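The values are calculated or read from the model by the stated rules, or taken from the named source; none is laboratory data. Since the structure is predicted, the reported quantities are computational estimates derived from the model, not experimental observations. Cβ coordinates were reconstructed from backbone atoms using ideal geometry, including for glycine residues, and neighbour counts include every protein chain displayed. Side chains are part of the model used for accessible areas, which takes the heavy atoms of the whole protein and leaves out ligands, DNA and RNA. Shrake-Rupley method; radii C 1.70, N 1.55, O 1.52, S 1.80 Å.
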Amino acid sequence: MIVILIDAILIVGLGTVLFSGLMSTARAFALFTAAVIITGRIPFNDALDRLTTPAILAVTSLVIIASALARLPGLSRAVFGRAGRGPRLTLARFLGSAALASSVIPNTAVVAALLGPAARRPDVSPHLLLLPLSYMALAGGMLTPFGTSASLMVTGEAARLGVDLSVFDFALPGATVALVVFAALVLAAPIVLKERKAPEADTSGIFHIEARIEEGSALINQSVAAASLRKLHSFYLAEIIRDKRVIRPVHPAFVLNPGDRLILVGDVSHFDELHGINGLTLDAAPKRQNTEEFFHAVISGQSLLDGKTLREADFRARFNASVMAVRRGEERLSGKLGDIRLRTGDVLILSAGPDFGSRDNVRPNLHILDIESPGQTPMPTRTAWALGLSFVTFLGVALTQVIPFHHAALALAALVVGLNWTSAREVRRNFPFDLVIILWGAVLLSLLITQSGAAAAAAAFIAALTGNLPPYAALAMIFFFAWAMTELFSNASAALTALPVALATASQLGLPPEAFALATAFGASASFFMPFGYQTHLMVMTPGRYRLSDFLGLGGIVFVAYATGTLTVLTFLYL
């Protein structure tokens with residue numbers, strides 16, 4: 001009885017912490033892993049063995065390989081082709097390239113690599129390209145068992161439990177899903193993601209900007225109205241911070257004092273209007289000569305900035321750049337720039353020093369929209385060919401399963417580092433420590449769910465509900481259960497949570513376990529509705545100027561196509 005209570009506390013506690021958002025997913029799983037080992041529910045040696053499962057080794061190897069592939073030249077030309085093709089043709093080529101790349105490269109890396117080229121595309125709006133890119137990367141990842149971390153983890157854990165899934169098991173369902181999602185996006189995205197034409201509704205350049213009243217300023221002892229801060233054309237004064245007080249709204253008669261921090265919201269393309277106010281100090285060191293040289297940067301999913309303030313991250317010293325403004329979707333930010341807790345997907349406007357573009361710590365933390373591959377030297381042609389041929393060989397070996405996939409991935413990762421196709425420093429900066437912790441914790445969670453009897457109980461409940469229904473009803477329940485788990489966990493964690501329930505359900509109903517394992521993998525990657533449902537959605541939200549209604553509208557269409565395609569093919573093949 002005590003053992004059951006401990007298991008319940010561990011599982012429910014983890015779910016509660018993740019759902020509440022009290023701490024990051026990686027930290028929550030780290031504490032869960034420690035608790036499982038300390039309570040003795042999983043012996044230390046067994047837990048350590050799970051850290052080196054083939055799936056986790058394969059995921060980390062693919063991240064290293066992706067860091068080298070990102071240096072290959074001609075990316076923009078390959079995914080877009082020539083200009084002037086028209087929005088739908090451009091979108092179709094772009095999404096097709098993204099799907100193929102995502103089938104063999106982690107989808108976060110694919111979106112990160114294509115984010116800048118899509119944002120700089122002159123003939124097609126990023127609003128049309130970026131959200132479809134995030135959706136297509138998810139669907140394209142289902143073409144192979146190693147296209148997403150969820151598929152890799154399901155394949156590895158299912159094999160450990162005696163259910164073997166091959167490349168061919170994923171091929172037809174994955175191709176169907178990729179095609180129906182591709183068709184849905186090409187047909188629906190230009191309609192659902194129409195640009196908002198009203199000028200007042202266009203917030204693409206609206207940012208949260210901070211200015212100061214320094215000692216000796218000509219604005220000291222002047223009222224807001226007398227200082228003409230109520231008559232700005234492209235900005236409005238949202239609030240003033242004096243000591244620890246936030247004055248909001250700001251009355252025209254409010255008198256300015258030294259040390260006041262003014263929070264303005266407006267269009268940064270008219271930044272010169274603020275520079276022209278005598279006595280108003282903007283944080284513009286190191287200086288730039290014109291606003292066209294400011295960098296627009298998106299905080300990456302693995303960035304050390306996520307969850308920190310600029311002050312905590314020591315941003316200026318770390319990157320030799322000053323943050324001039326911050327934007328987060330349609331949300332109005334409040335408070336000092338230095339006190340805003342940054343999140344994945346936030347767009348920063350940076351005034352940077354001359355070495356900013358060559359710093360090697362920029363790319364792992366920030367996706368720069370204005371320039372190609374900051375901090376990254378171009379790969380020589382001979383090296384690019386060697387890397388390309390090595391990667392094609394790796395794909396051939398992986399797809400034919402001549403040797404285990406994780407062996408092939410480890411070998412190519414070792415070759416990439418050994419031949420200096422990516423530097424050891426780059427590997428250290430890009431190594432997915434958080435992802436490894438999450439995957440390790442998720443494997444232990446799956447094991448705990450199985451040995452506690454929770455999987456068998458859930459399977460008995462599903463079997464009782466669907467026992468008198470056609471077999472595809474139980475399959476659909478597992479798919480939707482895995483999908484629901486993605487709103488609580490990451491997709492890999494959701495897959496490993498649902499997998500023991502799926503296999504127990506198949507066993508109790510006497511149905512093919514392969515179908516239920518695949519339904520778990522596909523369901524866990526069906527996160528299309530919410531911007532916070534998947535890391536790449538957050539990455540594209542602000543650069544693409546998306547609202548929740550965009551995710552619900554286009555995501556709803558994509559989800560219906562994805563779920564219908566998955567369940568139809570799995571039913572046809574296995575039931």
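Some notes on this structure:
- Leading residue by the ranking (surrounded by the most Cβ atoms within 10 Å (Cβ to Cβ)) among those in the range 95-110 that are of a type in the set (A, V, I, L, M, F, W, C) and in a helix (DSSP H, G or I): VAL110
- In the range 242-258, residue modelled with the highest pLDDT [restricted to those that are open to solvent by less than 50 Å² (accessible area, probe 1.4 Å) and more than 14 Å from ALA226 (Cβ to Cβ)]: ARG242
- Qualifying residue in the range 111-121 (condition: within 17 Å of the chain's Cα centre (by Cα), of a type in the set (A, V, I, L, M) and not in a helix (DSSP H, G or I)): no
- Unique residue being at pLDDT below 80, outside any loop (DSSP other than H, G, I, E, B) and among the basic types (Lys, Arg) when the list is ARG318, ARG363: ARG363
Each row is one residue, and each column tells you yes or no for (1) within 22 Å of the chain's Cα centre (by Cα); (2) open to solvent by less than 40 Å² (accessible area, probe 1.4 Å).
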| position | (1), (2) |
| --- | --- |
| SER151 | yes, yes |
| GLY162 | no, no |
| ALA175 | no, yes |
| LEU193 | yes, yes |
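- Among (1) without any contact (Cβ under 8 Å) to a residue 40 or more places away in the chain; (2) in contact with a Ser or Thr (Cβ under 7 Å, 6 or more places away or on another chain); (3) open to solvent by 20 Å² or more (accessible area, probe 1.4 Å); (4) not polar (S, T, N, Q) - the single one TYR472 does not satisfy: (1)
- Residue count for the range 119-143, restricted to those that are farther than 30 Å from PHE295 by Cβ and open to solvent by 10 Å² or more (accessible area, probe 1.4 Å): 1.
- Where ALA455 falls short, out of the listed (1) crowded, with 20+ Cβ neighbours inside 10 Å; (2) in a helix (DSSP H, G or I); (3) at pLDDT below 85: (3)
- Residue count for the range 4-19, restricted to those that are open to solvent by 60 Å² or more (accessible area, probe 1.4 Å) and free of Cβ contacts under 8 Å to residues at least 40 places away in the same chain: 4.
- Extreme residue, modelled with the highest pLDDT, among residues of the range 381-415 that are more than 30 Å from ASP169 (Cβ to Cβ) and open to solvent by less than 70 Å² (accessible area, probe 1.4 Å): ALA386
- Taken over the range 416-434, the criterion of being among the aliphatic types (A, V, I, L, M) and open to solvent by 70 Å² or more (accessible area, probe 1.4 Å) is satisfied by LEU419 alone.
- Matching entry among GLY544, GLY556 (being among the small types (Gly, Ala, Ser), touching a residue at least 12 places away in the same chain (Cβ under 8 Å) and open to solvent by 10 Å² or more (accessible area, probe 1.4 Å)): GLY556
- Boolean, SER493 is in a loop (DSSP other than H, G, I, E, B), in contact with a Ser or Thr (Cβ under 8 Å, 6 or more places away or on another chain) and open to solvent by less than 40 Å² (accessible area, probe 1.4 Å): no
- Matching residues in the range 70-91 - criterion: being in contact with a Leu (Cβ under 9 Å, 6 or more places away or on another chain) and either at pLDDT 80 or above or under 21 Å from THR176 (Cα atoms) (or both): ARG88, THR90, LEU91
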